[in-house]
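Only one structure is covered here, and it is reproduced in the block below.
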Amino acid sequence: MLPALRRRPLAAADLALLEAGGRAVAAGLALLWISGIGLVYLAWRADPGFLGNPKLHAKLAIVAVLTLNGLALHALVLPMLRAGVGRPALDALDPARCAVVLGCGAVSAVSWAAAFLLGMARELNHVVPAASILQAYALALLLAWAGAGLLMRPGGGRGASRVLPGRRLP
């Protein structure tokens with residue numbers, strides 16, 4: 001949605017959609033924590049050694065990052081976007097704020113995918129060190145953030161430049 005909002009003004013309906021999405025994500029995070037705690041409890045009851053699973057430790061770290069990112073989205077990103085209603089969302093932001101928006105988006109996308117994949121990958125249980133999983137996660141975060149930055153830079157997508165409004169760089 002953000003690339004589209006770079007090219008056209010942010011409408012109140014866009015903001016309402018983002019805020020509804022934020023509420024859905026908050027509910028999803030609550031369900032993720034509740035179901036995760038329940039599943040960890042059941043696994044621990046069946047096998048007390050489960051709590052020593054490095055994959056579990058990595059997933060808990062990733063879900064904690066996801067939770068903190070959700071708080072940042074509500075506390076920082078949504079207010080920035082609210083202030084930009086009527087203007088192209090990202091063009092209205094200075095580079096530091098644009099980096100916050102893109103960074104939070106990258107963290108969100110990568111973290112949800114990583115948590116999902118770790119939940120499905122039973123083959124990693126007690127096999128891969130948490131540090132290895134978290135290094136791969138950190139690399140994915142860096143690549144996502146860099147990719148978002150490339151997409152949003154002048155010439156990286158269609159539309160006006162954030163650096164030189166109304167002009168494209170060669």
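Please enumerate the residues belonging to the stretch 3-59 that are among the polar types (S, T, N, Q) and part of a helix (DSSP H, G or I). Listed by number, the list holds a single entry, S35.
Applying the selection to the stretch 64-82, what residues are among the hydrophobic types (A, V, I, L, M, F, W, C), within 13 Å of the chain's Cα centre (by Cα) and either over 18 Å from W145 (Cα atoms) or open to solvent by 40 Å² or more (accessible area, probe 1.4 Å) (or both)? If the condition is that a residue be among the hydrophobic types (A, V, I, L, M, F, W, C), within 13 Å of the chain's Cα centre (by Cα) and either over 18 Å from W145 (Cα atoms) or open to solvent by 40 Å² or more (accessible area, probe 1.4 Å) (or both), then A64, V65, L68, L71, L73 are the ones that fit. With respect to (1) open to solvent by 40 Å² or more (accessible area, probe 1.4 Å); (2) in contact with an Asp or Glu (Cβ under 9 Å, 6 or more places away or on another chain), the lone exception for P48 is condition (2). Cβ-Cβ below 7 Å, separation at least six or inter-chain, first residue in the stretch 17-33 and farther than 14 Å from S111 by Cα, second open to solvent by 50 Å² or more (accessible area, probe 1.4 Å): which pairs? Close Cβ pairs (under 7 Å, with a partner that is open to solvent by 50 Å² or more (accessible area, probe 1.4 Å)) amount to G22/H74. The set of residues from the stretch 57-91 being without any contact (Cβ under 8 Å) to a residue 40 or more places away in the chain, aliphatic (A, V, I, L, M) and farther than 27 Å from S132 by Cα comprises A75, L76, V77, M80, A83.
The values are calculated or read from the model by the stated rules, or taken from the named source; none is laboratory data. Bear in mind the structure is a predicted one, so any value in this text is a computation, not a measurement. Glycine also receives a Cβ, built like all others from the backbone with ideal geometry; neighbour counts cover every protein chain displayed. Side chains are part of the model used for accessible areas, which takes the heavy atoms of the whole protein and leaves out ligands, DNA and RNA. Shrake-Rupley method; radii C 1.70, N 1.55, O 1.52, S 1.80 Å.
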